[in-house]
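Here's the structure, in structure tokens; my notes come after.
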Amino acid sequence: MLTTSPLVAAYLADLDRALAGAEPADRLEIVDSVAEHIDAAVEELGASPTQAQVAGVLRRLGTADDVAAAWAGAADRPLAGAYPVWSAPSAVALPAAGAARSTPTWVVVLLVLVGLAVLAPALLLVVGGVMFASVGSAPPGLPTIGVLIVLLVCTVALGIVWRRATTHRRAWLIGFIVALLVLLVSAGMAGLASRSGTAPQGGPTVVVETAP
Amino acid sequence: MEPDDEGAVLTQLRRGTLEYCVLAHLAAGPSYGQDIARALGADPVLFGSEGTLYPLLTRLRRRRWVETTWQTSPHGPPRRYHALTDEGRTALRGFVAVWDPFRSGVDRLMKGLP
């Protein structure tokens with residue numbers, strides 16, 4: 001990565017701050033895209049570009065506030081004052097999503113239902129994982145292999161949902177593989193614990209009677 | 001808005017048209033950010049500054065008019081390539097269908113000015 005120049009680092013930090021009101025995924029995507037643009041433009045300048053040349057690249061990009069204002073405009077969020085001329089150097093407070101208009105009740109209900117549908121695999125995963133870890137095997141009445149399959153399906157479903165929500169494929173892939181490995185290792189350990197815990201059941205039973 | 005504030009007029013016009021200019025550029029094939037910025041920036045009337053392209057691309061992707069993939073580059077690290085989706089193509093056709101009569105109407109009125 002070539003964006004190690006102090007000028008570039010300061011510009012990207014300003015941009016990140018200026019996008020403070022954006023959704024995190026949008027904010028990350030815009031800052032990453034601009035950094036990628038700077039990398040490519042600086043690379044075209046040769047092996048050791050001067051500070052003035054790097055400053056020229058940043059000047060063509062516009063100020064961080066210009067970019068943030070473009071996001072606010074693109075997101076259909078009306079800005080107060082003379083758009084897009086902003087004088088504040090950084091930390092532009094962008095209106096929150098949905099602040100410009102009231103949301104109908106049915107939209108809220110629909111969003112809650114969609115949110116629950118997306119969160120269901122996560123909740124199942126957490127609840128199932130906690131029960132599995134605390135009991136050392138499947139909860140009473142459930143086959144161990146069934147619980148494992150449910151956990152695996154939940155993990156894969158979450159992975160697919162998250163994959164669709166981001167363009168940062170490498171980060172997603174690493175996170176997904178780590179989550180899958182953690183799940184498999186936990187399941188293996190729980191399986192071992194379960195096996196060692198059930199072994200005494202086949203042996204002789206010791207009955208301790210207490211004197212009255 | 002001041003009547004003589006050309007910058008504000010340009011901003012308003014760009015707001016409604018620039019995204020379709022991006023779609024029109026992508027109609028020729030997938031492209032990466034710097035390439036799009038260079039193409040649109042060739043005409044200063046279209047583009048105020050290159051950086052404003054990226055929020056626009058984010059918006060287009062959220063609308064599913066554009067899809068973004070990583071592709072290797074012969075000159076450096078992988079790049080985000082943006083491609084027109086079927087929905088984007090439909091949106092572009094809709095804009096083109098409206099743009100000509102809209103422009104003709106505006107031209108007709110403006111030509112009549114003293």
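Near the amide H of B:THR85, within less than 5 Å, lie the amide hydrogens of B:VAL66, B:GLU67, all on another chain or at least 5 residues away, with H placed in the peptide plane.
For chain B, the relative contact order is 25 percent, taking Cα pairs closer than 8 Å that sit 6 or more residues apart in sequence and dividing their mean separation by the residue count. Placing unit charges on the Cβ atoms only, positive for Lys and Arg and negative for Asp and Glu, gives chain B a dipole magnitude near 480 debye about its Cα centre.
Residues within the reach of a label modelled at B:ALA83 (point 7 angstrom out along Cα to beta-carbon, backbone nitrogen below 20 Å), restricted to the stretch B:7-51, are B:22-37.
Sort chain B into rounded, prolate or oblate with this rule: let a ≥ b ≥ c be the square roots of the eigenvalues of the Cα gyration tensor; rounded if a/c is under 1.5, and if a/c is not under 1.5, prolate when a/b is larger than b/c, oblate otherwise. Intermediate values should be presented prior to the final figure.
Working: a/c = 2.62, a/b = 1.72, b/c = 1.52.
Taking the square roots of the gyration eigenvalues as a ≥ b ≥ c, chain B is prolate.
In debye, nearest 20: dipole of the stretch B:1-68 around its Cα centre with unit charges on the Cβ of K, R (+) and D, E (-)? Write down the numbers at each step before the final one.
Working: 8 positive and 9 negative charges, 115 e Å.
It works out to roughly 560 debye.
Dipole of chain B computed with +1 at Lys/Arg Cβ and -1 at Asp/Glu Cβ about the Cα centre; of B:GLY94, B:GLY48, B:CYS21, farthest Cα towards the positive end is B:GLY94. Return the FRET efficiency for the residue pair A:VAL178, A:LEU110: r is the Cβ-Cβ distance, R0 is 35 Å, and the value is rounded to the nearest 0.05. Using R0 = 35 Å, I get an efficiency of 0.60. The modelled label-to-label distance for the pair B:GLU6/B:THR69, using points 7 Å beyond Cα in the direction of Cβ, is 4.3 nm. Karplus-derived 3J(HN,Hα) values for the stretch B:97-104, using 6.51 cos²θ - 1.76 cosθ + 1.60 with θ = phi - 60°, are 5, 8, 4, 4, x, 5, 5, 5 Hz; glycine and proline are entered as x.
Just so you know, all these numbers are worked out from the coordinates, no wet-lab data involved. As the structure is a prediction and not an experimental result, all values here were calculated from the model. Counting neighbours? That spans all protein chains shown, and the Cβs are built from the backbone with ideal geometry, glycine included.
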